[in-house]
1. Which residues, counting only those in the stretch 72-118, are small (Gly, Ala, Ser), part of a helix (DSSP H, G or I) and in contact (Cβ under 8 Å) with a residue 12 or more places away in the chain?
2. In the stretch 188-207, which residues are under 22 Å from Ser218 (Cβ atoms) and over 22 Å from the mean Cα position of the chain (by Cα)?
3. Could you go through the stretch 380-394 and let me know if any residue there is modelled with pLDDT of 95 or more, touching a strand residue (DSSP E or B) at 6+ places or on another chain (Cβ under 8 Å), under 29 Å from Leu436 (Cβ atoms) and outside any loop (DSSP other than H, G, I, E, B).
4. Only one of these conditions is not met by Pro5: (1) surrounded by fewer than 18 Cβ atoms within 10 Å (Cβ to Cβ); (2) at pLDDT 95 or above. Which number is it?
5. Return the total of residues in the stretch 418-434 being aliphatic (A, V, I, L, M) and under 21 Å from Leu385 (Cα atoms).
6. Out of curiosity, is Phe30 aromatic (Phe, Trp, Tyr) and at pLDDT below 95?
7. Tell me the residue from Leu473, Leu409, Leu433, Leu457 that is modelled with pLDDT of 80 or more and within 30 Å of Asp50 (Cβ to Cβ), please.
Amino acid sequence: MGPPPGLCRALEFIDSWLEYRHRQLDVPGFAVAIHRGEETRFSRAYGLADVERQELLTVTHRLAIGSQSKMFTATALVQLAERGMLTLDDRVVTHLPWLAGHPDARFASVTLRQLLSHGAGVIRDGLDADFWQLTQPFPDASAFHDAVLAADLVIDGYTKLKYSDQVAAGVIAPAGIDAVIDSEIVRAGPLARGYTRKIDRRRLPVPREVVTSSFAPSAGWYATVDDMCRFVSGLLSNSDGVLGVTAKDEMRRSRRGHWVPAHQRGSEYGLGMEIHRFGGRVLLGHGGSITGFRSCTFGDPGDGLVVAVMANAKDAPTMQMLGGIFEVIDFFQEHASKPATGKLSAGPMRFVGLASTIELVAAGQRVVAIDPDQWFPFHDADELLPLTDTTFRIDRASDLAATGETAELLVDGAEATAMTFGGSTMWREDAYLAWLASRDEVVDSPSPRSTRTEVVLRGIPEATRRGDQGPPL
């Protein structure tokens, strides 16, 4: 059975929208995958894996996943507990005897469960954490022991969320994914290069040979977007896999919502998994951030949808991107059960003016005007009530909008070449870009232009797929 029509329409829109967003977004590259159950529905890369080499980013490139590594580690420990080799309430000193010599006697009571839920009160990164800025190597085992023994617990256990972790690995092969730990990246396949956040419109490339040593279980893995979708899909499925169903429930159960700051309420933390409420969905997964990269993978156990977003820039807005993708999917699944009619039946139309960009989207009998420059484009969209095949009445709750005014498509033959929206004229995107290119006074951005690469769009009719690589750099 194929995907529902609404999901097909959503994936088609997402492809075009993300390509447009990358041309406006000043990051080298990002990749997105969407799985439903065990099936890949969408897999696409945008931009560059390496700016200096002008190497295109593809969905086969591995990117550093930062704290998403904690899901691997938590799965390994829960798996050991499932096999009776330990319990999650074991005291850590049982497995790490050197910790018994800590001058802070409270360490003797710290449990594995507390560590996995960031509830032990351990100092975040140690007293000297400049290894995150790559000014010194990451601590090896000996240096890690010294750093732990040098720092007391910052707070008592289970009183506040404290971001720190001890981890183990060993679930990658059974999960059927091809993630690689950073100490082994020299033997890996294509690897994207990371870039620091932008300061004064400049970034620094991150060396490829960074090894996180004793921090690897919490931040040292590289993976593809499809790897992460597949892994989280497995954790959310209601069948045995790397973990049994009961063990999965233990891992993904909500734990400590009251630790979360007020502005993040609605988010919780389980065992190596974050729980976020978005719209009507409860999403489980994890975000990741490490020098040069930012990523996240979250899924909804209710319908099996999992989305992964990975970027090779520290300041990429990956969580906003992921939330926007879920919003797009929800919009089309709610409104696109029937095909659209009229001029917009062939798909969204994007119109550009000096002040803004507007995209007209028809889903079933509903027509909206969105701002594609927003990561939540349908959150505050204008409703367009059809008056004729080419004219609409603008209907919106905000008094500041052009409520009650008209939008009209300007048609040349069968093609809409421009539109007026509340009295302002806007042009089809291709025509506007051609006009812009003809202007002598245009100032080019120093950022790399977008190039789309590699796509998987399952269930979308072949005629609607776009296989081109976009404009040359």
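1. Here is the first cut: in the stretch 72-118, the residues small (Gly, Ala, Ser) are 74, 76, 81, 84, 100-101, 105, 108-109, 117.
Now narrow it down to the ones that are part of a helix (DSSP H, G or I): 74, 76, 81, 100-101, 105, 108-109.
Those that are small (Gly, Ala, Ser), part of a helix (DSSP H, G or I) and in contact (Cβ under 8 Å) with a residue 12 or more places away in the chain: Ala74, Ala76, Ala81, Gly101, Ala108, Ser109.
2. Answer for the stretch 188-207, where residues must be under 22 Å from Ser218 (Cβ atoms) and over 22 Å from the mean Cα position of the chain (by Cα): Ala188, Pro207.
3. Pass one, the stretch 380-394, residues modelled with pLDDT of 95 or more: none.
Among the residues of the stretch 380-394, not one is modelled with pLDDT of 95 or more, touching a strand residue (DSSP E or B) at 6+ places or on another chain (Cβ under 8 Å), under 29 Å from Leu436 (Cβ atoms) and outside any loop (DSSP other than H, G, I, E, B), which makes the answer no.
4. (2)
5. Quick first cut of the stretch 418-434, residues aliphatic (A, V, I, L, M) only: 418-419, 426, 431, 433-434.
Retained after the next criterion (residues that are under 21 Å from Leu385 (Cα atoms)): 418-419, 426.
Of the residues in that region, 3 qualify.
6. Numbers: aromatic (Phe, Trp, Tyr): yes; at pLDDT below 95: no.
Against the criterion (aromatic (Phe, Trp, Tyr) and at pLDDT below 95), Phe30 does not qualify.
7. Details: Leu473 fails: modelled with pLDDT of 80 or more; Leu409 fails: within 30 Å of Asp50 (Cβ to Cβ); Leu457 fails: modelled with pLDDT of 80 or more.
Step by step, each of Leu473, Leu409, Leu433, Leu457 is checked, and only Leu433 is modelled with pLDDT of 80 or more and within 30 Å of Asp50 (Cβ to Cβ).
Yes/no per residue for (1) farther than 17 Å from Ala402 by Cα; (2) modelled with pLDDT of 90 or more; (3) in a helix (DSSP H, G or I):
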{"position": "Ala340", "(1), (2), (3)": "yes, no, no"}
{"position": "Lys343", "(1), (2), (3)": "yes, no, yes"}
{"position": "Arg350", "(1), (2), (3)": "yes, yes, no"}
{"position": "Leu354", "(1), (2), (3)": "yes, yes, no"}
{"position": "Ile358", "(1), (2), (3)": "no, yes, no"}
{"position": "Val361", "(1), (2), (3)": "yes, yes, no"}
{"position": "Val368", "(1), (2), (3)": "no, yes, no"}
{"position": "Gln374", "(1), (2), (3)": "yes, yes, no"}
{"position": "Pro377", "(1), (2), (3)": "yes, yes, no"}
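The values are calculated or read from the model by the stated rules, or taken from the named source; none is laboratory data. All values derive from a computational prediction rather than experimental measurement. All Cβ positions, even for glycine, are placed from backbone atoms using ideal geometry, and neighbour counts span all protein chains on display.
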